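Take a look at the structure set out below.
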Amino acid sequence: MQAFLAEVPDGAPESFEWRRMRHRVERSEGPERIAAEWWVDGEMASTRDYFRIEDQNGHRFWLYRDGLYGQGAAPPRWFMHGVFA
């Protein structure tokens, strides 16, 4: 999956491509952040931000970003976690 143009570094993408189709984000909720426990050295664990997304056709998706912008050498990656019926 490929995500494009987030308004802010911690925000949802403005659009994403999944299964060779481009989806423009109309509404989003999130992020819901999953991070390493504060009492554990979490240097090796990445942070995940989950978003509930609705596209221009009313289809609803559950995406997450693995990693944060500005941390580490590689940019964060986006994944499809699920599709809502």
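Bear in mind that the values in this text are calculations on the coordinates, not laboratory data. Keep in mind the model is a prediction, meaning the values are calculated, not measured. Quick reminder, even Gly has a Cβ in these numbers, built from the backbone with ideal geometry, and neighbours come from all protein chains shown.
Quick notes on this one:
- Residue match in the stretch 14-34 (condition: in contact with a Ser or Thr (Cβ under 9 Å, 6 or more places away or on another chain) and in a loop (DSSP other than H, G, I, E, B)): no
- Inter-residue pairs, beta-carbon under 7 Å, first free of Cβ contacts under 8 Å to residues at least 40 places away in the same chain and in the stretch 11-35, second of a type in the set (S, T, N, Q) and in a strand (DSSP E or B), 6+ apart: E17/Q2; R22/S15; H23/S15; R24/S15; V25/S15
- Yes/no for H81 being free of Cβ contacts under 8 Å to residues at least 40 places away in the same chain, touching a Leu at 6+ places or on another chain (Cβ under 8 Å) and not hydroxyl-bearing (S, T, Y): yes
- Note on the stretch 1-59: residues that are more than 17 Å from P75 (Cα to Cα), of a type in the set (A, V, I, L, M) and exposed (fewer than 12 other Cβ atoms within 10 Å of the Cβ) total 2.
- Within the stretch 42-85, being closer than 21 Å to R22 by Cβ and part of a loop (DSSP other than H, G, I, E, B) holds for Q56, N57, G58, H59, P75, P76.
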